[in-house]
Amino acid sequence: MGSLGSCTSVEIDATGSETAPLTLLLPLGSTEQHGPHLPLDTDTRIAQAVADGVALRLDSVRVAPPISITASDEHRGFAGTLSVGTRVLSEMLIEIVGNAGPEFGRIVAINGHGGNAYALRAATEVCKARGQALEVWSVRLPGADAHAGRTETSLMLAIAEDLVRLDLAEAGAVEPLDELLPKIFEAGVREVSANGVLGDPSGANPAEGTRLLAALIDDAVNQLTSG
């Protein structure tokens with residue numbers, strides 16, 4: 001019963017109250033290029049997998065339908081990329097929090113896309129000023145590459161292996177992200193990587209992806225239970 005969308009209003013009303021409110025998870029992904037070998041909804045699928053994993057472990061959690069078109073302006077120019085931009089995404093999050101009922105004692109964005117960080121920061125500040133709360137958990141893995149490299153490819157091999165085109169996988173820009181960010185901010189990912197990859201997917205495998213996904217779920221659960 002972790003999925004909010006599959007519940008009825010009566011069921012949510014019966015399980016969430018002011019004395020025992022529910023935690024609502026908002027999977028926040030993207031629809032953007034992920035190189036020649038990963039699907040456009042990679043970030044959304046990863047965020048959804050983490051949220052679903054958390055819901056399996058915490059009874060009081062419900063998972064909202066994912067927000068899959070977000071702030072991806074840096075990937076403009078690659079076919080298939082869609083973006084509403086930082087301002088619109090921020091306003092959307094503010095409205096969701098502001099209109100949520102008292103059955104949800106906590107609302108936590110499960111963020112799978114780094115480009116959403118600015119919208120999340122702005123939304124949390126506005127919500128706080130209004131006496132509301134939007135918490136944020138974001139994908140973070142020590143030593144991970146930035147975009148469509150070994151990390152995300154391994155995760156997708158664990159989550160949706162049939163959608164990964166390993167025969168098309170190839171390295172992109174492998175310089176440290178800190179070195180690439182100034183050009184990305186100025187002119188987008190295409191300026192630093194013709195194929196859209198920031199990293200090298202070589203060596204990606206499902207076993208590694210399963211381990212990484214478990215680590216992400218553990219991290220999210222720890223944040224939710226320690227807060």
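If only the Cβ of Lys and Arg carry +1 and only the Cβ of Asp and Glu carry -1, the dipole of the chain around its Cα centre is close to 340 debye. Among beta bridges identified by DSSP and lying wholly in the range 1-138, the antiparallel ones come to about 10 percent. Working from label points 7 Å from Cα in the Cα-to-Cβ sense, the residue 106 to residue 121 distance is 2.4 nm.
Here the range 109-182 is treated as an ellipsoid with the same Cα gyration tensor; its semi-axes, largest first and in whole Å, are 31, 17, 9. When all alpha carbon pairs of the range 100-224 are counted in 10 Å bins from zero, the resulting P(r) reads 12, 34, 32, 18, 5, 0 %.
Projecting the Cα positions of 159, 205, 114 onto the charge dipole of the range 112-227 (unit charges on Cβ atoms of Lys, Arg, Asp and Glu, taken about the Cα centre) puts 114 furthest along the positive direction.
Between residue 167 and residue 141, the modelled labels are 2.5 nm apart [label points 7 Å from Cα along Cα→Cβ]. Measuring with a 1.4 angstrom probe and ignoring ligands and nucleic acids, residue 161 comes out at about 110 Å² accessible. Computed over the range 113-211, relative contact order equals 35 percent, with contacts defined as Cα pairs under 8 Å that lie 6+ residues apart.
Note on the range 47-119: Kirkwood hydrodynamic radius from all Cα pairs is 13.7 Å, rounded to one decimal.
Only helices enter the 222 nm calculation for the chain: every DSSP H run of n ≥ 4 contributes -39,500 (n - 2.57), and dividing by all residues gives -13000 deg cm²/dmol, rounded to 500. Among 65, 182, 21, the largest mean-square fluctuation in a Gaussian network model of the chain (Cα springs under 10 Å) belongs to 182. List the pair-distance distribution P(r) of the range 1-63, using every Cα-Cα distance, as the percent of pairs falling in each 5 Å bin from 0 up to the bin containing the longest distance, rounded to whole percents. Over the range 1-63, the share of Cα pairs per 5 Å bin runs 4, 18, 22, 19, 14, 11, 7, 4, 2, 0 percent. Principal axis analysis of the Cα atoms in the chain yields extents of 52, 36, 29 Å, listed in decreasing size. In the context of the full set of protein chains, the range 75-227 has a per residue accessible area of 51 Å² (1.4 Å probe). Annotation: extensible slack from residue 57 through residue 215 equals 55.5 nm (criterion: 0.36 nm per residue apart, minus Cα-Cα distance).
Surface composition of the chain: carbon and sulfur make up 53 percent of the accessible area, probe 1.4 Å. Relative to one another, the C-alpha centroids of the range 1-54 and the range 141-166 are positioned 20 Å apart. Please state the relative contact order of the chain as a whole percent: Cα pairs under 8 Å, 6+ residues apart? Computed value for the chain: 24 percent relative contact order.
The values are calculated or read from the model by the stated rules, or taken from the named source; none is laboratory data. Keep in mind that this is a model prediction, so the values were computed, not measured. Backbone-built Cβ (ideal geometry, glycine too); neighbour counts: all protein chains shown. In case anyone asks, the SASA skips ligands and DNA or RNA and just uses the protein heavy atoms, side chains included. Shrake-Rupley method; radii C 1.70, N 1.55, O 1.52, S 1.80 Å.
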